[in-house]
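*Asks:* I'd like to ask you about the structure that follows.
The values are calculated or read from the model by the stated rules, or taken from the named source; none is laboratory data. Only a predicted model underlies this, so the values are computations on that prediction, with no experimental measurement involved. These accessible areas exclude ligands, DNA and RNA; they are computed on the full protein's heavy atoms, side chains included. Shrake-Rupley method; radii C 1.70, N 1.55, O 1.52, S 1.80 Å.
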Amino acid sequence: MAGISKGAAGEVIAARFLREHGYDIVAVNVRSRLGEVDIIAENDTTIAFVEVKTRDEHALSESPKEAVTRDKQEKIKKTAMLYLQLNKTKLQPRFDVIEIVTSAGDSPLAAKSIHHLENAFETGDLRAAF
């Protein structure tokens with residue numbers, strides 16, 4: 001897996017994690033003119049729009065979840081709204097963040113820790129937009 005970026009590796013790790021926890025991955029790297037969603041996953045009750053943030057354990061920058069700013073949240077929400085307009089569902093939408101911390105020198109696909117933050121930020125009344 002030489003040459004894989006930390007972000008791409010994190011998305012692979014997150015998708016594996018979600019599958020192991022009962023989710024089906026329905027889309028990855030969904031882009032619109034308004035933003036991007038890293039992973040869209042479903043279980044029996046929820047469609048989760050997942051932002052994946054990966055950091056090295058010795059990174060000096062903010063924690064992974066702190067990198068999901070209000071501006072980033074708005075872009076994710078707008079992209080999710082477009083997705084839901086084109087892909088009707090009765091599932092409850094939710095916005096999650098998966099934080100992945102890696103160890104320096106390890107394989108890019110090895111995670112030291114994975115933290116799944118369900119309902120990481122509020123949607124407002126997303127359904128009212130339809």
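*Asks:* Which residues, taken from region 60-85, are at pLDDT below 90 and either hydroxyl-bearing (S, T, Y) or not in a helix (DSSP H, G or I) (or both)?
*Replies:* L60, S61, E62, S63, V68, T69
*Asks:* Report, by residue number, each residue of region 2-56 that is among the hydroxyl-bearing types (S, T, Y) and part of a loop (DSSP other than H, G, I, E, B). Give the derivation first.
*Replies:* If we filter region 2-56 for residues that are among the hydroxyl-bearing types (S, T, Y), which is where we start, we get 5, 23, 32, 45-46, 54.
Correct list: S5, Y23, T45.
*Asks:* May I pose another question? Which of the numbered conditions does F95 fail, given that it passes all the others? Conditions: (1) assigned to a helix (DSSP H, G or I); (2) at pLDDT 90 or above.
*Replies:* (1)
*Asks:* From the set of residues in region 100-129 that are within 22 Å of A80 (Cα to Cα) and open to solvent by less than 20 Å² (accessible area, probe 1.4 Å), which is modelled with the lowest pLDDT?
*Replies:* Only one residue fits best here, namely L126.
*Asks:* Next question, about the same structure. Could you please find all residues in region 9-45 being open to solvent by less than 40 Å² (accessible area, probe 1.4 Å) and aliphatic (A, V, I, L, M)?
*Replies:* Residues satisfying the conditions are A9, I13, A14, A15, L18, A27, V30, V37, I39, I40, A41.
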